[in-house]
Amino acid sequence: MRKLKNSELNRLSVDDFKSVKKTPIIIVLDNIRSLNNIGSVFRTSDAFLIEKIYLCGITAKPPHKDIHKTALGSTDTVDWEYVDDTMDLVETLQAKNIKICAIEQAENATMLNDFKPKANTTYALIFGNEVKGVAQNVVSASDTVIEIPQFGTKHSLNISVSCGVVVWDVFSKLNN
């Protein structure tokens, strides 16, 4: 087996990326502190043709060298917008019939492996602060809470890892 060269990967150009049909997933970053995590989420969003990223609260915005270091140019491909208050954004998205999904550990959460996204529905996946998670008022306002099953001694994953796991899972279910 031979590794493929970058030139053999048939990747989209920036212009092609901008015009191609997107996956009906929006990512909301609720007060993310780490610039490297933000950049990593941009890169994951590029890989799975995410519709848009919303950066909320203290979440830093491009351009920034530490975001760029992990985003590797995906801040130029993925649509993004800064919104000061996550709750205001949640209300705006719900008014557009977008289903709000907080990614969090909470009572009566739906385990990711049991989550069944519906066709012709756009989902906003909200990922929270590295220490405090998704704000409680946002969790309470969400249409559903999705939890990533974990079986070891730790009770959390890095935000960029959580995003990769959840986005891949929802993307693959939507494309079955």
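Taking only protein heavy atoms and a 1.4 Å probe, the accessible area of region 1-157 is 49% carbon and sulfur. Label separation (LYS5 vs PHE151): 4.2 nm, computed from points 7 Å beyond Cα along the C-beta direction. Put a dot 7 Å past the Cα of SER13, heading toward its Cβ, do the same for ALA106, and the two dots end up 4.4 nm apart.
Here the average projected area of the convex hull drawn through the C-alpha atoms of the chain stands at 11.7 nm². Relative contact order of the chain, please, whole-number percent, based on alpha carbon pairs below 8 angstrom and at least 6 residues apart. So the answer I get is 25 percent.
Give me the accessible area per residue for the chain, probe 1.4 Å, as a whole number in Å².
58
With every protein chain in place and a 1.4 angstrom probe, the accessible-area ranking of HIS68, HIS155, largest first, reads HIS155, HIS68. Span-like helix criteria (full DSSP H runs; alpha carbon extent of at least 20 Å along the helix axis; mean Kyte-Doolittle hydropathy of at least 0.0) are satisfied in the chain by 159-174.
The values are calculated or read from the model by the stated rules, or taken from the named source; none is laboratory data. Remember, it's a predicted structure, so these values are computed and weren't measured experimentally. A quick note on method: Cβ atoms are made from the backbone with ideal geometry, for glycine too, and the neighbour counts reach across all protein chains shown. For accessibility, only protein heavy atoms count, side chains too; no ligands or nucleic acids. Shrake-Rupley method; radii C 1.70, N 1.55, O 1.52, S 1.80 Å.
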